[in-house]
Every structure is written in structure tokens, then in C-alpha cells.
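The values are calculated or read from the model by the stated rules, or taken from the named source; none is laboratory data. Remember, predicted model here, so these are calculated numbers, not experimental data. Positions of Cβ are backbone-derived with ideal geometry, glycine not excepted, and every protein chain shown enters the neighbour counts. To get the accessible areas, we keep the full protein, side chains included, count just its heavy atoms, and leave off ligands, DNA and RNA. Shrake-Rupley method; radii C 1.70, N 1.55, O 1.52, S 1.80 Å.
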Amino acid sequence: MSITRESLWAALPSTFKGVPLHISYDPRSDRLVYPSNKSIHLRSLSKPSLSTQFTGHIAATSVAKFSPSGYYIASGDISGTVKVFDSSSTTEDPEIVKGNFAIISGRINDLAWDSDSKRIIAVGDGKERYGHCFTFDSGNSVGEIAGHSAQINAVDIGSVRPYRAATVADDSAMVWLAGPPFRFAKSVRGEHTNFAMDVKFAVDGAYVISVGMDRKIVVYDGREGDVLAKVDGAHTGGILGVATGKKEDGMPVFATASTDGRVKLWAYKDVGIEELYTWDVVTGEHLVGVTFTSSTKLVAISLSGDLYYLSAGDSTPKQTIYGHQKAITALKVASDGKTLYTGSYDGRLVQWDITTGDATVVAGSGHRNLVTSIVEASGKIYTAGWDDTVKVVSGTEFTSLSLSAPSQPRGVAVAGDYLVLVTEGAVYTYTTELISVATYKGNSITSVCASDSFVAIGAQDGSVTLLTVPDLKPTSTNIPPFRASVSALAFSPRVDDQGRLLLAVGDSTGKIAVVNATDGSIVTTRWAFHTARVTSIEWRADGKYAVTGGLDTNIFVYSVDKPAKNVKTLGAHKDGVNGVAWAGDDKVVSIGADACVKWWNVSF
């Protein structure tokens, strides 16, 4: 047996309110690179469902940039570490790290490569210094970044010799650097009256643009840094991002992204700064970054991490890429076999087309907090969240039917024609119209699963209790208690050839036991290869195999007939696997703390 990854549906970029996100595009490979949680994602622009993931950082990542050659990527994190790694493969996750450098003692806010792809300037919120310039392979110093009195938000290096670099910071100043080695040349103050958020050189190096929260655009000479022109009130909100490109006729242009939800295209001419075009990207949400992908196309990023594809001639986005920013905490493969639902830590519910990988955010009055469970009953999708509600989904919208849970839900399961809701202190059954049927009082309940006839609940003390459906009466079956807290439960979908209804019980130490729910006898305790809490168990439709995921980041596929043998993939999701499910006899889908959806082929 073996298990291999088929595809990865990438997480959305990590964003923060009032903080610019600097993204990068490589035209050679047609990929975007951006930070997300503790990973760096390299994502195809034309086929967004194709991506690779770099997991070499141990702290949350904050920025990533392609080198001009396209062969390397430099990425930074909140600890002040910069890593340089190979980006040549478009199908395999990057693993070759060229350099690992501790730059500052704080968050790396931005990075810039010189046009030789040899030197990097990294800036951010350090304690001893706000930035540093170094060679990409050895980390040798090739200059000093000075002149600011607050954290530096952005940096850029001109593409023509003699090289010039510019930085902007929370002290509202633009600092001009000459090099290499890069040294302080001048400081331009008083032009911005609030935080200066981003800075970019024009593609021909003739001028430099800075933008800020004061809604102002300032253009400087590309050789000496003298102010050439400026626009007050360029947007109705603060400007967080600027990108430079050129039109089809070769004229340099630049685009700005604002908290007003708009992207504007500009050109600097001898007469001043001219507004060329406006895209109304999103209403009621901030835009935190923008980049050119061709002479007529751009990608903008919203605060929720959604990617908006913009094209000249279209005033609204041509395409929007949705997904998750936060850890994905629940999943359900719909009965049609074509649709996947996932829910995340921030309450977002997403519907995926399994064939294409396209995602749609479920609209309507959704959850305001972590989604704990997603189940399907009578053709409807039911979700439970830590906002103490159970909601019903039809297609891509929440319906008006919902339930206020008595307390915080631990999980939801389907038992025949009934819905089973579990809180820490009780179990409840409801009809599919959310009408209450019965209640069972428990203690420190941690997990739940159900078959057509039974409900199994696990507790903090390691006990497992079987209840009848729908009246929730305890059965006479006595299941021996386990040594650790029960963290996952799953009934086999069918009675096996020996007349046994199998129940898999996973605990907080990584051990899984298979129990005969008919008489309480232990079938096997040899499913014991996880090294941390088991988070999810699901049986294959024939009941012969089960897939499991755990906080140890690993996925295992176990066999009932040969319990000592298993197939595994280690490090499936950075920081832990939160859920697994079968999508056919030889395909598994998984979700994790890295906010990714991954598909696996299993061969037996």
C-alpha cells in the first residue's frame, strides 16, 4: 500500500488590518508567491488549484518575493528570520534552502532583491535596527539601512544602475539609499502626514512612488530622490499598496490599492500624475496589496485574503479566488461526490467543486466563530459552530432555518433521520427540521459519532457510552474505558461479515482501538502509530479500511484484516491534521491548521 499527494488547494494569504501585504509574481512560471500562516505558497495564476508549499519557517510568515531570475524566493517571518529557497519546481514542494539568516529581532515587513538576484534588503520592526542588506547565499553584509525612527513598512531597489533603494516607515519619511554597498543618502520628510505604507520604483527606474495612510501619492526622481509630484486624496481611504508595470505601448504606469476597496491605475507625466482607470473591487472591505501580472492585468488582495483578478476594460474583478485564511476545522464530502464543504476557525464556510478546485464562500448569515462540524442529512448540509448555533445550508447559501444550541457544541452527527448535537454536558437529538426529540445528560463529553441505530459519545475520563436513537437511552453494551481522553469516534458504515458493527475510538495520546459495538469486545488495539492526539477518523464505505489524522501532522490508513500494517504520509499538514475523509475507494481529502485542503491517492 502507498499514499501519494495528488493536489493541494492552497490557503489564502495571511492579512492584518492596516498592514500592507507585499506579494510577488513570476512571469516565467506564471505563479504568485505569498505568506500564509507558517507557510509560503507558490500558486499558479492561470490554474489556482495548482500550488506548492514551503514549510521551512517555524514562525508565522509575513512576506515572500521571487528573485528577478525566478530561480529563488526570499521569505521572512515575524521572528525576523529570512530564508532563501529554490523555486524551480512547479510540482514538488520546495525543500532546498539556500540560506537561513536572522536579520532583525522582530517582524520582517518587506523584502527586495536587486536586479542581479544577488543582494536582498529586508526591513521590518526590529529592536536594534529596522533593516539589513545582505547577499542571498552567504548572508554577508552589503550595506546599512538607516535613517528611520520607527518600523520600516516597505523597501524597493531600482532595476537600473547605479542602484538606488528607497524605504518608507511609520515615521512618515522616505529614506533614499545609494549602493551597493547601500548607505544612507537622504531623507525626505513632510510629504506624508501619516504612516507611509509602500514604495516602488517605476519599471524603467525613472521615478519612485510612495503611498500612505494619509491617502496621498508622492512621486520622486529615480536618481536623486527629489519630489516631482504628488496627489492628495487619491483614494477615499488609506493607501496600503502600490505596484508598478507598463502598458502595452511601453509607458510606465503604477497601481494603488486602498482601504476604500478600489484599485486605481496611474501614470506620471511631465504635467503631473494622471489617473487612468479605477476598479471597484470589493465593497465594505479593505484592499491590502496589489501586483501586476501583465501589461493589462493585476491581482489585488482583500483583508479576508481573497484574490481578485483585474483586467483593463473591466471595472469589476474578472475572477475571484476564495478559500480559507485560518485553520480549517471541519469538512464534509457531499453525497453527490462532486462537492466538498469546509469550515474554518474564523467561521467561514466554503463550498468546493471537487473536479475543478473552484471555491465559493457560502453566503448569508453564517457562523461568527470556529466551525466544529459539518454533516449531511436528508439532502441538506448542517453546520455547528462555537457561536453556539447550528445552521442549515442549501447550495451556496445559509437558509433561515437555524438552532441556538444550549451551550457550546462539541460536535454534530447524523443518526438515520435524526441530527445529534453534543455539548460538554449533554446529548440532544433533533429532527432534520431542528425540532427537539430527546436529551441525555452526560459529563465532560469530548466527541460523538452515530450510526442509524446508535450514538456513541466519548468523555474526558476515557469512557465511551452507547445510546439508542432517537430516545438516547443507554444500551447494555459495556465498552472498557480507555487510558486517555477520547478525541475521535467513528462507526463503520456497515456490519461486517461476522455480524459486527465496528467502532473506532481514538484518544489524546494517538492510540486507536477498534471495538465491536454489539458486545463491547475489543477487536484490535494495534492502530497505535500516531504520536499525538487523534483528531479525525473515517471509515471507507466497505468498512475494511479507516483513514485517520492527528496533531502529529500525520495521516494513516489502517486495515481491519491486517491491523499491524498501515500506509502513512508524514507531515501532511504543518501544525496538525484537523480532519480526513474518503472521496471514493482510493482517494482521501484532508484539512489542517495550515488552512490547506490536500488530496491523496491511496493504493492497496
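Scanning segment 159-170 for residues that are polar (S, T, N, Q) and either modelled with pLDDT under 95 or not in a strand (DSSP E or B) (or both) yields one hit, S159. Inside segment 171-202, residues that are touching a residue at least 24 places away in the same chain (Cβ under 8 Å), part of a loop (DSSP other than H, G, I, E, B) and farther than 13 Å from G147 by Cβ make up a count of 8. Of all the listed residues (I108, I96, I121, I78), the sole one being modelled with pLDDT of 95 or more, surrounded by fewer than 20 Cβ atoms within 10 Å (Cβ to Cβ) and of a type in the set (A, V, I, L, M) is I78. Checking G233, G205 one by one, the residue that is farther than 30 Å from V361 by Cβ, in a loop (DSSP other than H, G, I, E, B) and open to solvent by less than 50 Å² (accessible area, probe 1.4 Å) is G205 and no other.
Considering every residue within segment 591-599, establish whether at least one is under 23 Å from R494 (Cα atoms), open to solvent by less than 10 Å² (accessible area, probe 1.4 Å) and of a type outside the set (S, T, Y). There is no residue in segment 591-599 that is under 23 Å from R494 (Cα atoms), open to solvent by less than 10 Å² (accessible area, probe 1.4 Å) and of a type outside the set (S, T, Y). Per this entry, D116 is not counted among residues that are open to solvent by 10 Å² or more (accessible area, probe 1.4 Å), over 16 Å from T81 (Cα atoms) and not in a loop (DSSP other than H, G, I, E, B). One residue stands out in segment 535-561 among those that are in a strand (DSSP E or B), of a type in the set (S, T, N, Q) and within 11 Å of G510 (Cβ to Cβ): the one that is least open to solvent (accessible area, probe 1.4 Å), namely T548.
Using the structure shown, decide if T4 is out of contact with any His (no Cβ under 6 Å at 6 or more places or on another chain), surrounded by fewer than 20 Cβ atoms within 10 Å (Cβ to Cβ), part of a strand (DSSP E or B) and among the β-branched types (V, I, T). When the stated conditions are applied, T4 passes them. In the set D156, D214, D198, D170, only one residue is open to solvent by less than 50 Å² (accessible area, probe 1.4 Å) and over 28 Å from the mean Cα position of the chain (by Cα); that residue is D214.
Among the residues of segment 258-276, the one identified as part of a strand (DSSP E or B), modelled with pLDDT under 95 and either among the polar types (S, T, N, Q) or more than 20 Å from G212 (Cα to Cα) (or both) is K269.
When Q460 is tested against the conditions (1) under 33 Å from the mean Cα position of the chain (by Cα); (2) under 23 Å from A334 (Cα atoms); (3) surrounded by fewer than 20 Cβ atoms within 10 Å (Cβ to Cβ), the lone failure is (2).
Scanning segment 81-93 for residues that are open to solvent by 10 Å² or more (accessible area, probe 1.4 Å) and either not in a loop (DSSP other than H, G, I, E, B) or not β-branched (V, I, T) (or both) returns T81, K83, D86, S88, S89, E92, D93. Evaluation of L489 against the conditions (1) closer than 20 Å to V557 by Cα; (2) open to solvent by less than 40 Å² (accessible area, probe 1.4 Å); (3) more than 30 Å from the chain's Cα centre (by Cα) shows that the sole unmet condition is (3). Checked across segment 292-305, the condition of being at pLDDT 95 or above and closer than 18 Å to S210 by Cα holds for at least one residue.
Just checking, does segment 238-247 include any residue being open to solvent by 10 Å² or more (accessible area, probe 1.4 Å) and out of contact with any Leu (no Cβ under 9 Å at 6 or more places or on another chain)? Yes, that holds for at least one residue.
Close contacts from segment 477-501, counting a first residue that is basic (K, R) and a second that is assigned to a strand (DSSP E or B), with Cβ to Cβ under 8 Å and a gap of 6+ residues or different chains, come to R483/D507; R500/N516; R500/V523. Remark: K38 matches the filter, which requires a residue to be surrounded by fewer than 24 Cβ atoms within 10 Å (Cβ to Cβ) and within 27 Å of Y322 (Cα to Cα). Report whether or not V218 is over 18 Å from Q151 (Cα atoms) and touching a Pro at 6+ places or on another chain (Cβ under 7 Å). Here the answer is no, as V218 does not meet what is asked. Do you know which of the residues in segment 45-65 that are over 15 Å from D306 (Cα atoms) and among the polar types (S, T, N, Q) is surrounded by the fewest Cβ atoms within 10 Å (Cβ to Cβ)? The qualifying residue surrounded by the fewest Cβ atoms within 10 Å (Cβ to Cβ) is S46.
Checking the structure you have, find out if any residue of segment 514-533 is closer than 15 Å to N578 by Cβ, open to solvent by less than 30 Å² (accessible area, probe 1.4 Å) and not in a loop (DSSP other than H, G, I, E, B). No, every residue in segment 514-533 fails to be closer than 15 Å to N578 by Cβ, open to solvent by less than 30 Å² (accessible area, probe 1.4 Å) and not in a loop (DSSP other than H, G, I, E, B). Determine, yes or no, whether H57 is under 18 Å from A595 (Cα atoms), assigned to a loop (DSSP other than H, G, I, E, B) and either without any contact (Cβ under 8 Å) to a residue 12 or more places away in the chain or not polar (S, T, N, Q) (or both). Against the criterion (under 18 Å from A595 (Cα atoms), assigned to a loop (DSSP other than H, G, I, E, B) and either without any contact (Cβ under 8 Å) to a residue 12 or more places away in the chain or not polar (S, T, N, Q) (or both)), H57 qualifies.
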